[in-house]
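Taken together, the values in this text are just the output of simple stated rules run on the coordinates, not laboratory data. Since the model is a prediction, treat every value here as computed from it, not as a measurement. Heads up, the Cβs are rebuilt from the backbone with ideal geometry, glycines too, and the neighbour counts pull from every protein chain shown.
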Amino acid sequence: MQNKPVALITGANQGIGLQIAKELAAKDFTVLVGSRDYARGDEAAKTVDGDAHALQLDVTDQASIAAAAERVRNEFGRLDVLINNAAISNTGLRPGIPIEEYAKSTRPSTVSLDEMRAVFETNVFGVVAVTQAMLPLLRESPAARIVNVSSGVGSLTRNSDLAYPYRPIFGPVYPASKTALNAVTLAMAIELESTRIKVNAACPGFTKTNLNNYTGTQTVEEGAREPVRLALLGSDGPNGTFSNADGPLPW
Ligand code: NAP
């Protein structure tokens, strides 16, 4: 087993995930750049200043998840931080479609169940599957941290407020997948509260990435801030919270 702590970030071949990998590498972690396409993960890992390795990991593929967990155990012998970052906003059937138009075509009354299932498969079930596979390693760590990268658009409290600006686009696909992810985060935190593992959800904020066709207003450095803070929590840090860089968010 190596001495350096090890962090695995899913979907780290681009966007906020890659930035999180860079920042944890700078904090002296060995970082595993999760990528469903190994070659793209390898390219991304080469841009990280520090100890970075690509790890083939498709969060919707149980065989890929099991192989990744085995590789982490065999090659690194430990896992201290798991960042469940991989997500999709839609299945890409209509690339480049503006968010408002997508929202209109995915109302609860009309949404394609295939679209909804595919997004939940990555954003919700993928997180549970990867976490289950990595938990045996995380339980062996002296102070493991799990960060689920969620979104404020999934907040039921905010979306119940008539004044919330994103309320008109609250829908059953991406926003509801993040609501479900929040529920899963809290359930994980409750199950693990008597262990040394802390589980929290972070909203990066509206960040310029592929997920929103680069229409976000924040940089990836800004987007990575809260997930990185939660990855580095001390033993006195919180468990079972939902926050962004400005502070706590309502569930
Ligand atoms: P991004 O640049 O599109 O990155 C998403 C990453 O997830 C990509 O690396 C993508 O891989 C990967 N991914 C998708 N499906 C996967 C799968 N089945 N297995 C493994 N990896 C998969 O988007 P981002 O904005 O950085 O998103 C990162 C996180 O922040 C997500 O959880 C997102 O919901 C959250 N978030 C983003 C914003 C924002 O404004 N950007 C706001 C709130 C929350 P490929 O490159 O192969 O597609």
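Miscellaneous remarks
- Helix axis angle, 220-231 relative to the chain longest principal axis, alpha carbon, degrees: 60 degrees
- Links that overshoot a 27 Å alpha carbon limit, given the list LYS104/LYS198; LYS46/LYS198; LYS46/LYS208; LYS4/LYS46; LYS104/LYS208: LYS104/LYS198; LYS46/LYS198
- The mean sequence separation of alpha-carbon pairs under 8 Å and at least six residues apart, normalised by the residue count of segment 45-191, gives a relative contact order of 30 percent.
- In degrees, nearest ten, helix 126-140 long axis to first principal axis of the chain (Cα): 30 degrees
- Rounded to the nearest 10 degrees, the inclination of helix 174-192 to the longest alpha-carbon principal axis of the chain is 40 degrees.
- Share, in percent, of DSSP beta bridges within segment 6-248 that are antiparallel, nearest 5: 10 percent
- Measuring nothing but how far apart in sequence close Cα pairs (under 8 Å, 6+ apart) lie, relative to its length, the chain scores a relative contact order of 18 percent.
- Residue-span extension gain [GLN62 to ALA39] - 0.36 nm each, minus C-alpha spacing: 6.3 nm
- Seen through its C-alpha gyration tensor, with square-root eigenvalues sorted a ≥ b ≥ c, segment 147-240 comes out oblate because a/c lies at 1.5 or above while a/b is not bigger than b/c.
- Cα-based Rg of the chain normalised by 2.2 N^0.38 Å, two decimals: 0.96
- Note: relative contact order over segment 77-154, using C-alpha pairs below 8 Å and six or more positions apart, is 64 percent.
- Dimensionless Rg ratio for segment 1-95, taking C-alpha atoms and the 2.2 N^0.38 Å reference: 1.04
- Inter-probe distance in nm under a simple model that places probes 7 Å from Cα toward Cβ, at ILE99 and ASN74: 4.3 nm
- For the chain, the Cβ-based charge dipole about the Cα centre amounts to some 220 debye (Lys, Arg positive; Asp, Glu negative; other atoms uncharged).
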